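For reference, the structure is listed below as structure tokens.
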Amino acid sequence: QVQLVESGGGLVQAGGSLRLSCAASGRTFSTYAMGWFRQAPGQEREFVAAIRRSDGSTYYAHSVKGRFTISRDNAKNTVYLEMNSLKPEDTAVYYCAAGSSMSGRKYDYDYWGQGTQVTVSS
């Protein structure tokens, strides 16, 4: 079992920045990759970014590439999402996930956090 806890969400003006954190605990040795997804009201949960625990390889959704950066600190079992140049359309609940594949499919992730709200005002 893996437990994930997100933090760092909040309210920010368009063009601003936020850094989200996801702390993992439990059987983290079984986690191949970690990722971030987001879900806006009335929308499906969509992929944002993922990182491979072993070598730090990253994968981004086109909508955030160049603005967001995913990173990890394996010693702390923590993954981060640095969000820059935020837009109102980035407003969503952001979820941390852990799984066995570095992919953009939610079905490839086995564990999920409870989410943290990010609101970008215009």
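The values are calculated or read from the model by the stated rules, or taken from the named source; none is laboratory data. Owing to the predicted nature of the structure, the values given are computational and were not obtained by experimental measurement. Glycine gets a Cβ as well: all are built from the backbone with ideal geometry, and neighbour counts include every protein chain shown. Ligands, DNA and RNA are excluded from the accessible area calculation, which covers all protein heavy atoms including side chains. Shrake-Rupley method; radii C 1.70, N 1.55, O 1.52, S 1.80 Å.
Quick check on my filter: what residues within segment 35-47 are assigned to a strand (DSSP E or B) and out of contact with any Gly (no Cβ under 8 Å at 6 or more places or on another chain)?
Scanning segment 35-47 gives W36, F37, R38, E46.
If you scan segment 73-94, which residues turn out to be of a type in the set (S, T, N, Q) and under 28 Å from D55 (Cα atoms)?
Taking segment 73-94 and keeping what is of a type in the set (S, T, N, Q), we get 74, 77-78, 84-85, 91.
Within segment 73-94, N74, N77, T78, N84, S85 qualify.
Restricted to segment 23-34, and to residues that are within 10 Å of A98 (Cα to Cα) and outside any loop (DSSP other than H, G, I, E, B), which residue is most open to solvent (accessible area, probe 1.4 Å)?
Result: S30.
Could you tell me whether F37 is open to solvent by 70 Å² or more (accessible area, probe 1.4 Å) and either closer than 14 Å to Y111 by Cα or of a type in the set (S, T, Y) (or both)?
no
Among the residues of segment 1-22, which ones are in a strand (DSSP E or B) and either surrounded by 18 or more Cβ atoms within 10 Å (Cβ to Cβ) or among the hydrophobic types (A, V, I, L, M, F, W, C) (or both)?
Answer for segment 1-22, where residues must be in a strand (DSSP E or B) and either surrounded by 18 or more Cβ atoms within 10 Å (Cβ to Cβ) or among the hydrophobic types (A, V, I, L, M, F, W, C) (or both): V2, L4, V5, E6, L11, V12, L18, L20, C22.
Confirm whether K76 is among the charged types (D, E, K, R) and modelled with pLDDT of 95 or more.
no
Kindly evaluate E6 against the criterion of being more than 15 Å from T78 (Cα to Cα) and among the acidic types (D, E).
Spelling it out, it is not the case that E6 is more than 15 Å from T78 (Cα to Cα) and among the acidic types (D, E).
If you check T58 against the conditions, is it over 15 Å from the mean Cα position of the chain (by Cα), over 17 Å from Q114 (Cα atoms) and hydroxyl-bearing (S, T, Y)?
no
Looking at (1) free of Cβ contacts under 8 Å to residues at least 12 places away in the same chain; (2) in contact with a Cys (Cβ under 7 Å, 6 or more places away or on another chain), which one does C96 not meet, given that it meets all the others?
Status for C96: all satisfied but (1).
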